[in-house]
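Data first, discussion second: the structure below is written as structure tokens.
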Amino acid sequence: WTNLKTETEQVDWLILHFNHWFSHLNVNLVRGDFEPEYFPIENEQPARIQFAHGFFNSALHEISHWTIAGEQRRLLPDLGYWYAPDGRTKEQQSLFEQVEIKPQAIEWLFSKAFDRKFRVSLDNLTGEGGDGSAFKDNVYAQVQKYFNGEAKLPRDASRFILCICQCTRGGKILQSDEFIRSMLD
């Protein structure tokens, strides 16, 4: 991992390792040309987590959604998520942020395990929604809940983090003090 310099090399590494680590669940991580999408198992073909435009951070975000989804939602296209596109109203943005707290908190854990910068995404460039400071507070609080035991990290998120840490940090596990609220600003 440490010798990989380009985004493409890192993405190739991520795809190879994720697909190996989760082969027992019959799922593949795949590079997409356009928007991210999840395709459940069909005609004996593995499920596919397709991330946007070959971006590493998009892959981590889509994996975070998949880890949260659970067995039943993994049977549904796009994991059964509701999604309103960019240009959301303030009310729609509030709903979006409520369902994005956990995925983005988990994505931050993944990013930190890879020693990559994490950026909270409001995903609403042309809509209403404010500066996102309350959302950032909630993402930070969720990460701390995972560390203090107030919330349980999904099984596959935990496995993914352990596998990443084994390869990128010599097995050193993540610590709560590595996550500071000001990192989200």
Measuring from the lowest to the highest alpha carbon on each principal axis, how far does segment 79-185 reach, largest first, in angstroms?
44, 32, 25
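Can I get the semi-axes of segment 8-129's equivalent ellipsoid? Compute them from the C-alpha gyration tensor as square roots of 5 times the eigenvalues, in angstrom, largest first. Display every interim value, and only then the final one.
Values: eigenvalues 115, 63, 33 Å².
In descending order, the three semi-axes are 24, 18, 13 Å.
For the chain, what is the calculated [θ] at 222 nm in deg cm²/dmol (nearest 500), taking -39500 (n - 2.57) for each run of four or more DSSP H residues and dividing by its residue count?
Values: 5 runs with 87 residues, N = 185.
After summing the helix terms and dividing by residue count, I get -16000 deg cm²/dmol.
Summing Lys, Arg as +1 and Asp, Glu as -1, what charge do residues with Cβ under 10 Å from the Cβ of Phe39 carry, Phe39 excluded? Walk me through the numbers before you get to the answer.
Details: positive: Arg48; negative: Glu37, Glu42, Asp78.
Around Phe39, the surrounding residues sum to -2.
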Sum up the charges of everything whose Cβ sits under 12 Å from the Cβ of Gln175, counting Lys and Arg as +1 and Asp and Glu as -1, but leave Gln175 out.
+1
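Starting from segment 1-84, pick out the trypsin sites (Lys or Arg not before Pro) whose DSSP state is loop and whose Cβ has at most 12 other Cβ atoms within 10 Å. Walk me through the numbers on the way to the answer.
Details: sites: Lys5, Arg31, Arg48, Arg73, Arg74; in loops: Lys5, Arg74.
Counting only loop positions with at most 12 other Cβ atoms within 10 Å, the trypsin sites (Lys or Arg not before Pro) in segment 1-84 are Lys5.
Please list, by residue number, every one of the GluC sites (Glu not before Pro) in segment 1-79 that is coil in DSSP and has at most 11 other beta-carbon atoms within 10 Å. Show your work: numbers first, answer last.
On the way: sites: Glu7, Glu9, Glu37, Glu42, Glu44, Glu62, Glu71; in loops: Glu44.
Loop-located and lightly packed - Glu44.
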Loop-resident chymotrypsin sites (Phe, Trp or Tyr not before Pro) in segment 1-80 with no more than 11 other Cβ atoms inside 10 Å, DSSP not H/G/I/E/B, are Phe34
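So how strong a dipole does segment 18-144 carry about its Cα centre when Lys and Arg Cβ are +1 and Asp and Glu Cβ are -1, to the nearest 20 debye? Can you show the working numbers first?
Numbers: 12 positive and 18 negative charges, 82 e Å.
So the magnitude is around 400 debye.
Taken together, the values in this text are just the output of simple stated rules run on the coordinates, not laboratory data. This structure is a prediction, so every number in the text was calculated from the model and none was measured. Heads up, the Cβs are rebuilt from the backbone with ideal geometry, glycines too, and the neighbour counts pull from every protein chain shown.
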